[in-house]
Each structure stands twice: as structure tokens, then as C-alpha cells.
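As C-alpha cells, the structure follows; a few thoughts come after it.
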Amino acid sequence: MTDAIGLFDHIANMLALRPGVSRSKMFGMPSVKVNGKAFVGLSQDKMVFKLPEAERLTALKLAGARLFEPMAGRAMREWVEVPVGRIPEDTLQQLAEAALFYVSKLTEKTK
């Protein structure tokens, strides 16, 4: 778990350098938001990402990946959880970038 926290902190801190991006909490877990909307988080030893369909389908093919269920039986259709220890750091960073791009575009539409 400590490795997951360290890796999440590293990625979150790099993302938080961007305009409109800040660290926060979602469902009590550490998360990162853009323009007030969460796009990445850490749930136990898994990073969770809000992704558009194409990237979500690709991410679900990663070892151990699945739809994020903050409560059993209540999967969040746009969110994928990925086990940190089984996926290379650069892949996690790419997922975070894809999530940032996706959610930042969603928040632009609502402004």
C-alpha cells in the first residue's frame, strides 16, 4: 500500500502543477480534480481514472483492471480501477493524462 500511496502522490503532485488542477478527496479517498471535478483517485492499492469509452475499454484490458465500485454492486461506468503494483508507472501516468484531458473537456462544456 505504501508504494501505491507514494506513486499516487508523485503523479498527483505532477498533475497539480497544471492550471485548474488540485488535490482533493472523493468518497474519502485522495483524488485529483480539474475545475472542481475528480478525474483520478487512490482506493486502497488501486488508482481509479475517469475515462472516455475508448480509453476505458483499453484500460479494462490491463491485468487486474475493472470498473470502479465504491460500494459493492454499484459500478461507476466511466471509472476504471487499476492495481498499482501490476501496472507500469508510465501506463498509470498515461491513464491520468487521458483522464485529465477527458474531464477538462467535460468541464469546459459546463462553463
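Just so you know, all these numbers are worked out from the coordinates, no wet-lab data involved. The structure displayed is predicted, hence computed values, not measured ones. All Cβ positions, glycine included, derive from the backbone under ideal geometry; neighbour counts span all protein chains shown.
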>> Mean-square fluctuation check for the chain, GNM, Cα pairs under 10 Å: which of Leu60, Leu51, Leu17 is largest?
In response: Leu17
> Given +1 on the Cβ of Lys and Arg, -1 on the Cβ of Asp and Glu, and no further charges, what dipole in debye does the chain carry about its Cα centre, rounded to the nearest 20?
Replying inline: 480
> Leu67 versus Ala16, label points 7 Å from Cα toward the beta carbon: distance in nm?
Replying inline: 3.1
> For the chain, what is the mean residue ellipticity at 222 nm derived from helices alone (per DSSP H run of n ≥ 4: -39500 (n - 2.57); sum divided by total residues; nearest 500 deg cm²/dmol)?
Replying inline: -12500 deg cm²/dmol
>> Over the chain, what is the relative contact order in percent, taking alpha-carbon pairs closer than 8 angstrom and at least six residues apart?
In response: 24
> Rg and Dmax of the chain over Cα atoms: what are they, in angstrom?
Replying inline: 12.7, 38
